[in-house]
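The values are calculated or read from the model by the stated rules, or taken from the named source; none is laboratory data. Remember, it's a predicted structure, so these values are computed and weren't measured experimentally. Here the Cβ positions follow ideal geometry from the backbone for every residue, glycine too, while neighbour counts run over all protein chains shown.
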Amino acid sequence: MLSFKLGPGMGKKGRQNSRHMSLRLIQPSGTLVKIEGGPMTLERTFAIVKPNAIKNGHVGEIISAIEREGFTIHGLRMAHLNKELIKGFYIEHVQKKFYPELEEFMLEGPVLLMVIEGENVIARWREIMGVTDPAKAAPGTLRRKFGDDLTRNAVHGSDAPATAEREVHYFFSAFDLV
Ligand code: UDP
Ligand code: MG
């Protein structure tokens, strides 16, 4: 069964111009199925503040960047991951040469797990993060500002709608999502 929420268009533009109405289809599992609202596409993505950014005290700045964009937070939890959880999350990378270093890094300390929503948030969050390697990321991006190296790059963001769907539900149950 689907629930329907009809309300003013979301995002910065939507709030300024409520003539754009958005139709939100949300399954009982908490999955955001589809948004129709004029020219806008409302999505959810999965983000992580990685152990080095937590340790270096950048949680506030990273959450500020999310809010500055007009994104909204629908799931938020601290966790200290174990090997099994990290392996399942990074399943596509387990066979790669860099995986042991990535696993060791992700085990180093707690992380912040987040589900964020906004207009085109999947691509836009990746733009705000910058490319994987902080040294190559554009000035002002989170990875450029807070990343230490290719592995210790401060933040994670899903790379596509299907990935976001899997990653959100890997860590959050329907009860955890608002
Ligand atoms: N990573 C690494 N070495 C590499 C490539 C990636 O340690 O050569 C790490 C890095 O932390 C990265 C994560 O593995 O964020 C996942 O890699 P992916 O290629 O999916 O990059 P992302 O989507 O995070 O930009
Ligand atoms: Mg990736």
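Just give me the residues in segment 72-89 being more than 16 Å from ligand 2 (Cβ to nearest atom) and of a type in the set (D, E, K, R), in sequence order.
ARG77, LYS83, GLU84
Out of segment 114-136, which residues are closer than 18 Å to ASN56 by Cβ and of a type in the set (Gly, Ala, Ser)?
Of everything in segment 114-136, those that are closer than 18 Å to ASN56 by Cβ and of a type in the set (Gly, Ala, Ser) turn out to be GLY130, ALA135.
At least 1 residues that are within 14 Å of ligand 1 (Cβ to nearest atom) and within 15 Å of ILE48 (Cα to Cα) in each: list the strands (runs of 3 or more DSSP E) lying fully within segment 69-178 that qualify. First the steps, then the outcome.
On the way: elements: 72-79, 111-119, 155-157.
Where strands (runs of 3 or more DSSP E) fall fully within segment 69-178 and carry at least 1 residues being within 14 Å of ligand 1 (Cβ to nearest atom) and within 15 Å of ILE48 (Cα to Cα), they are 111-119, 155-157.
Name the residues in segment 153-172 that are touching a residue at least 12 places away in the same chain (Cβ under 8 Å) and either among the basic types (Lys, Arg) or crowded, with 19+ Cβ neighbours inside 10 Å (or both), would you?
ASN153, ALA154, VAL155, HIS156, GLY157, SER158, ALA164, GLU167, VAL168, PHE171, PHE172
Starting from segment 125-140, keep only residues that are in contact (Cβ under 8 Å) with a residue 60 or more places away in the chain and closer than 10 Å to VAL155 by Cβ, then list their pairs with residues that are within 14 Å of ligand 2 (Cβ to nearest atom) and not β-branched (Val, Ile, Thr) whose Cβ atoms are within a distance under 7 Å, requiring at least 6 positions of separation or different chains.
TRP125/ALA47; TRP125/GLY157
Any residue that is β-branched (Val, Ile, Thr) and within 25 Å of ARG44 (Cβ to Cβ) - is there at least one of those in segment 137-146? Walk me through how you get there before you give the answer.
Applying the first criterion (β-branched (Val, Ile, Thr)) to segment 137-146 yields 141.
Next cut, within 25 Å of ARG44 (Cβ to Cβ) only: 141.
Checked segment 137-146: at least one residue is β-branched (Val, Ile, Thr) and within 25 Å of ARG44 (Cβ to Cβ).
Can you tell me which residue is nearest to the chain's Cα centre (by Cα) among those in segment 90-113 that are within 16 Å of ligand 2 (Cβ to nearest atom) and under 25 Å from ILE63 (Cα atoms)?
LEU113
Could you tell me which of the residues GLY109, GLY130, GLY147 is in the same structural domain as VAL168 (by TED's automatic domain parsing), surrounded by 17 or more Cβ atoms within 10 Å (Cβ to Cβ) and in contact with a Lys or Arg (Cβ under 6 Å, 6 or more places away or on another chain)?
Values: GLY109 fails: surrounded by 17 or more Cβ atoms within 10 Å (Cβ to Cβ); GLY147 fails: in contact with a Lys or Arg (Cβ under 6 Å, 6 or more places away or on another chain).
So the residue among GLY109, GLY130, GLY147 that is in the same structural domain as VAL168 (by TED's automatic domain parsing), surrounded by 17 or more Cβ atoms within 10 Å (Cβ to Cβ) and in contact with a Lys or Arg (Cβ under 6 Å, 6 or more places away or on another chain) is GLY130.
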